[in-house]
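What follows is a set of notes on a single structure, which appears directly below.
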Amino acid sequence: MMLGNVVDPLEKLELIDTLQRLGLSYHFEAEINKSSKNTSTDRISTVAWKRDNLYATALEFRLLRQHGYKVDQDVFTCFMNDVGNIKSSLNQDFKGLLKLYEASHLLLEGEIVLENARELVVKLLEQYLKENPDHQYLWMLVDHALKLPLHWRMPRLEARWFIDVYEKNKDKNPIIFELAILDYNIVQSMHQEDLRYASTWWKELGLGERFNFARERLMENFLLSVGMIITPQDGKSRTIQTKINALITVIDDVYD
């Protein structure tokens, strides 16, 4: 009941975000789903903990949309001026701007508020990187996000990167950090075992020898399955997907 012990709503959202980025969320799936449902049901845009707080509003928006809940883009209008740009008072709120940038990649067609906000946010965050080349925790998060948005990244690779970065966070939870390292190593061992099985299957199948013109892309096909089926306990599904991808690659080369 890790999430159940957290009373502060913002701390709970931050904990969910951290668990997801560290690749630990599958251990707390029921708690996260319950918390997300409660947040969606009880969500009031004027509650004290997120009133005039861009960081909290954007984080809540992104997490709820990631879990399939309907959240209107109008929650951000209070942070915009009369011409639709972000208020100048928020230009130095880089934590909030980063969360808004991440949230903007979950926009729906026609959500102009988020589209316009993203354009300005990118400029402000790029300026922040140039003026603060300290490579501290926030700097690394901003630099990473601008290279490729969080929503577009492969969760397993993101977890490996975030473990290293989270270690530099002075406010990190040491228990969660140690759990993330242990979990990553366990899951990595599972993937290695699955890859050994797939490699043995491919060699015994002998298609690579019979069709020497065909590409041998077993590793790429396995990595693709890891990206598509991210939960560690679904190893059989990843193995089947790897085999299908490998066979499709050979068939494609036969007809080329």
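Couple of notes before you dig in:
- Within the range 60-82, tally of residues that are hydrophobic (A, V, I, L, M, F, W, C) and more than 19 Å from Leu120 (Cβ to Cβ): 3
- Residue in the range 178-201 that is within 21 Å of Leu63 (Cα to Cα), surrounded by 15 or more Cβ atoms within 10 Å (Cβ to Cβ) and under 19 Å from the mean Cα position of the chain (by Cα) present: yes
- Any hit, the range 230-245, residues being outside the structural domain of Arg160 (by TED's automatic domain parsing), part of a loop (DSSP other than H, G, I, E, B), over 30 Å from His27 (Cα atoms) and in contact (Cβ under 8 Å) with a residue 40 or more places away in the chain: no
- Total residues in the range 20-69, condition at pLDDT 90 or above and in a loop (DSSP other than H, G, I, E, B): 7
- The range 178-225 - residue that is modelled with pLDDT of 90 or more and among the polar types (S, T, N, Q) and, of those, farthest from Gly23 (Cα to Cα): Thr200
The values are calculated or read from the model by the stated rules, or taken from the named source; none is laboratory data. Just so we're clear, the structure is a prediction, and the values are computed from it rather than from any experiment. When we count neighbours, we look across all protein chains shown, and the Cβ atoms used for this are built from the backbone with ideal geometry, even at glycine.
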